[in-house]
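Inspection log for the structure reproduced underneath, given as structure tokens.
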Amino acid sequence: MKTNRLILLSILLSLPFLLYSCAVGIEKPKYTILEKQGQFELRQYPSCLVAETVVDADFNKAGNIAFGRLFKYISGDNRKQVSIPMTAPVSQTGTSEKIAMTAPVNMQQTQGKYAVSFLMPSQYTLETLPVPSNEAVVIKEVPVRKIAAIRYSGTWSQKRYEAKKASLNEFIQKKGLSSTGEPVFARYDPPFQLWFLRRNEVLIPVE
């Protein structure tokens with residue numbers, strides 16, 4: 001019974017990804033590929049805004065806990081009492097603003113905890129983005145950065161993530177680069193996506 005409830009919860013949390021992607025497609029971060037070598041890429045990312053929350057949980061639980069908190073924020077759990085058009089047809093609410101879903105969901109370890117973030121749609125600025133009602137959700141501006149990336153499909157297990165991170169670190173060393181921040185685990189797909197069709201990435205900022 002408990003397993004069935006967990007499966008149902010996973011489906012319900014993932015439903016917004018499915019509905020939104022089927023309707024208009026999910027906005028993804030823009031970047032320029034500076035160099036490509038097999039499964040590895042060096043990318044240049046422009047600055048962007050993210051909604052971030054920090055979770056004190058293990059690798060496998062942190063994403064699920066944070067997803068619910070962040071999804072509530074983009075679904076209207078914010079302090080800006082306005083309605084705005086989102087998609088066609090226009091979806092409006094009379095109490096708070098709804099923010100479009102984006103991809104990927106990013107997760108990185110910080111001080112023994114995990115920081116999980118949603119990319120904010122590109123039409124927003126720090127001045128126009130609604131303030132979260134939950135103090136555990138914060139808005140951050142991520143500066144222009146150079147990223148080493150490895151893309152792979154398959155499960156979201158920590159073991160697979162660690163293996164890909166090790167491969168990416170080897171690539172960074174061979175290129176004579178130095179990392180400038182913590183590795184990021186990026187997930188582009190909902191849990192019900194077939195594992196072999198998922199887009200997963202490990203991203204490490206470099207000099």
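Quick notes
- Filtered by the rule that a residue be farther than 25 Å from residue 179 by Cβ and modelled with pLDDT of 85 or more, the range 43-67 gives 61, 65.
- So residue 205, is it part of a loop (DSSP other than H, G, I, E, B), surrounded by 14 or more Cβ atoms within 10 Å (Cβ to Cβ) and within 18 Å of the chain's Cα centre (by Cα): no
- Taken over the range 122-146, the residue count meeting the criterion of being surrounded by 13 or more Cβ atoms within 10 Å (Cβ to Cβ) and either among the hydroxyl-bearing types (Ser, Thr, Tyr) or in a loop (DSSP other than H, G, I, E, B) (or both) is 7.
- Matching residues, the range 182-202, being touching a strand residue (DSSP E or B) at 6+ places or on another chain (Cβ under 9 Å) and touching a residue at least 60 places away in the same chain (Cβ under 8 Å): 182, 183, 184, 185, 186, 187, 188, 189, 199, 201
- Residue in the range 168-181 that is surrounded by the most Cβ atoms within 10 Å (Cβ to Cβ), counting only those that are touching a strand residue (DSSP E or B) at 6+ places or on another chain (Cβ under 9 Å), among the polar types (S, T, N, Q) and over 18 Å from residue 59 (Cβ atoms): 179
- Considering residues of the range 48-76 that are over 18 Å from residue 126 (Cβ atoms) and aromatic (Phe, Trp, Tyr) only, the residue surrounded by the most Cβ atoms within 10 Å (Cβ to Cβ): 67
- All positions within the range 180-207 that are in contact with a helix residue (DSSP H, G or I) (Cβ under 9 Å, 6 or more places away or on another chain), aromatic (Phe, Trp, Tyr) and under 18 Å from residue 101 (Cβ atoms): 192
The values are calculated or read from the model by the stated rules, or taken from the named source; none is laboratory data. In this text the structure is predicted, and so the values were computed from the model without any measurement. Ideal geometry is used to build each Cβ from the backbone, glycine not excepted, and the neighbour counts take in all protein chains shown.
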